[in-house]
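Structure first, then comments.
The values are calculated or read from the model by the stated rules, or taken from the named source; none is laboratory data. Computed from a predicted model, the values in this text were never measured in an experiment. Here the Cβ positions follow ideal geometry from the backbone for every residue, glycine too, while neighbour counts run over all protein chains shown.
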Amino acid sequence: MLLTIDVGNTQTVLGVYDGATLVQMWRMGTDPQATADEVAARLAGLVGIAGIDPAAIDGVAADTVVPATKRLWKQVARGLFGTDALFVDKDTAPDLLDVSAYAQTLGSDRIVDAIAARALYGAPAIVLDLGTATNIEVIGPDGRYRGGAIAPGLQTSMNALVNGTAQLPAIELVDPGSAIGTDTVQAIQIGVVYGEAARMDGLVARIERELGCTATVVATGGFCHLIGPLAERVDEVNPELTLQGLRIVYEHVRSGRKA
C-alpha cells in the first residue's frame with residue numbers, strides 16, 4: 001500500500017492507496033511546530049481506526065508547500081512505516097511533465113496536479129485547485145505545461161473581508177441559493193461564493209481563448225465540492241487529484257518507466 005501526503009498551508013491531506021484504489025482519505029491541520037512524535041501518534045490513530053495494518057504501507061509519496069514540514073514527515077515515514085518518503089519536485093520525474101515554459105520554481109503541489117490531470121483526463125486540461133490559495137494549472141493540447149495563475153482562496157478572501165471591516169460577520173461558506181441577498185449573511189455568501197465561481201469561469205474563458213481550444217476543466221482542493229457545481233465551466237470534480245498525482249509519480253519512479 002502507498003501513503004500519499006499533500007501538505008498545504010492550512011490542511012494536510014493524506015490518502016492510502018491499494019494499487020490505483022483510494023482506500024482511505026483524511027484531512028488534518030498543518031502545524032509546522034508539531035513534533036514527529038505528535039504527528040506519528042495522530043496518524044497511527046487514524047490508520048488504526050480505519051483498520052489498516054501499518055505494516056501493509058510500504059511506500060510514502062509526499063509534496064509540501066511548507067518547507068518546515070518536510071523533515072517532520074520524513075521522520076514520520078521512517079518511524080511509523082520503516083520507509084523513506086519520496087518528496088516530489090520538478091526534478092523527481094521530469095519526463096512526466098515538461099515544465100520548461102515556467103520561468104521560476106514551480107510548487108510541487110502544482111506539478112502533481114498537472115501530472116494527474118494530464119494522465120487522467122488527457123490534454124488540453126485546466127486544473128482549479130481551490131484551497132488556501134486558488135491555483136490554476138494549464139496543460140496545452142500538446143501535453144506540455146503552459147503555466148497558470150494564483151489567486152487568494154475562498155477562505156482567505158472571506159477572512160480578509162471580515163478582518164478588514166468593522167461590522168461584517170464571519171459566516172459559513174455555503175451556496176446562498178440566490179444571486180440577490182435579502183440579508184447581510186446571504187449577501188456576503190453571494191459575493192464570496194458566487195464571486196469565486198464566476199471568477200473561475202472568467203479565468204477559464206480567458207485561458208481557453210489563449211489556447212485556441214476548449215479544455216477539460218477539473219476542480220480539486222478543499223472547496224471543490226462547493227465551487228465545482230456552481231462554476232459553469234467545471235467538467236470534473238476530483239477531491240483526490242493531488243493524491244492521485246503523487247501516486248502516479250511514485251509508481252513511475254519505482255518502475256523506472258519512461259513517459
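Taking the range 145-175 as the search range and keeping residues that are charged (D, E, K, R) and at pLDDT 95 or above, which one is farthest from the chain's Cα centre (by Cα)?
Taking the candidates together, the pick is Asp175.
Looking at (1) surrounded by 13 or more Cβ atoms within 10 Å (Cβ to Cβ); (2) farther than 30 Å from Val138 by Cα, which is the only condition Gly164 fails?
(1)
Between residues in the range 205-232 that are touching a residue at least 60 places away in the same chain (Cβ under 8 Å) and assigned by TED's automatic domain parsing to the domain that holds Val192 and residues that are of a type in the set (S, T, N, Q) and part of a helix (DSSP H, G or I), which pairs lie under 7 Å by C-beta distance while being six or more apart or on different chains?
Note: pairs meeting the criteria are Thr220/Thr242.
Every residue in the range 173-201 that is farther than 15 Å from Ala231 by Cβ, part of a helix (DSSP H, G or I) and either touching a helix residue (DSSP H, G or I) at 6+ places or on another chain (Cβ under 9 Å) or outside the structural domain of Met158 (by TED's automatic domain parsing) (or both), please.
Hits for the range 173-201 are Ile188, Gly191.
Which number in (1) over 28 Å from Arg254 (Cβ atoms); (2) free of Cβ contacts under 8 Å to residues at least 24 places away in the same chain marks the one condition that Gly147 misses?
Unmet condition: (2).
Tally up the residues in the range 148-158 that are surrounded by fewer than 19 Cβ atoms within 10 Å (Cβ to Cβ), not in a helix (DSSP H, G or I) and not β-branched (Val, Ile, Thr), please.
3
Among (1) under 22 Å from Tyr17 (Cβ atoms); (2) at pLDDT 90 or above, there is one condition Asp89 misses while meeting the rest; what is its number?
(2)
Out of (1) touching a helix residue (DSSP H, G or I) at 6+ places or on another chain (Cβ under 9 Å); (2) crowded, with 19+ Cβ neighbours inside 10 Å; (3) of a type in the set (Lys, Arg), what's the single condition that is false for Lys74?
Evaluating Lys74 over (1) touching a helix residue (DSSP H, G or I) at 6+ places or on another chain (Cβ under 9 Å); (2) crowded, with 19+ Cβ neighbours inside 10 Å; (3) of a type in the set (Lys, Arg) leaves (2) as the failure.
A quick yes/no check of all residues on (1) in contact with a Cys (Cβ under 7 Å, 6 or more places away or on another chain); (2) free of Cβ contacts under 8 Å to residues at least 12 places away in the same chain; (3) under 18 Å from Leu243 (Cα atoms):
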residue: Met1; (1), (2), (3): no, no, yes
residue: Glu38; (1), (2), (3): no, yes, no
residue: Gly48; (1), (2), (3): no, yes, no
residue: Asp63; (1), (2), (3): no, no, yes
residue: Gln75; (1), (2), (3): no, no, no
residue: Leu80; (1), (2), (3): no, no, no
residue: Lys90; (1), (2), (3): no, no, yes
residue: Asp98; (1), (2), (3): no, no, no
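Count, please, the residues in the range 119-141 that happen to be surrounded by fewer than 16 Cβ atoms within 10 Å (Cβ to Cβ) and modelled with pLDDT under 95.
Going through the range 119-141 one residue at a time, the tally reaches 0.
Does the range 216-231 include one or more residues that are surrounded by 14 or more Cβ atoms within 10 Å (Cβ to Cβ) and polar (S, T, N, Q)? Even if it seems obvious, please write down each step before you answer.
Taking the range 216-231 and keeping what is surrounded by 14 or more Cβ atoms within 10 Å (Cβ to Cβ), we get 216-224, 226-228, 230-231.
So of that shortlist, the ones also polar (S, T, N, Q) come out as 216, 220.
Among the residues of the range 216-231, at least one is surrounded by 14 or more Cβ atoms within 10 Å (Cβ to Cβ) and polar (S, T, N, Q), which makes the answer yes.
Can you tell me which condition Leu173 does not meet? The list is (1) buried (at least 16 other Cβ atoms within 10 Å of the Cβ); (2) touching a strand residue (DSSP E or B) at 6+ places or on another chain (Cβ under 8 Å), and all the others hold.
(2)
Across the range 77-101, which residue is nearest to Ile139 (Cα to Cα) among those that are surrounded by fewer than 17 Cβ atoms within 10 Å (Cβ to Cβ) and of a type in the set (Ser, Thr, Tyr)?
Ser100
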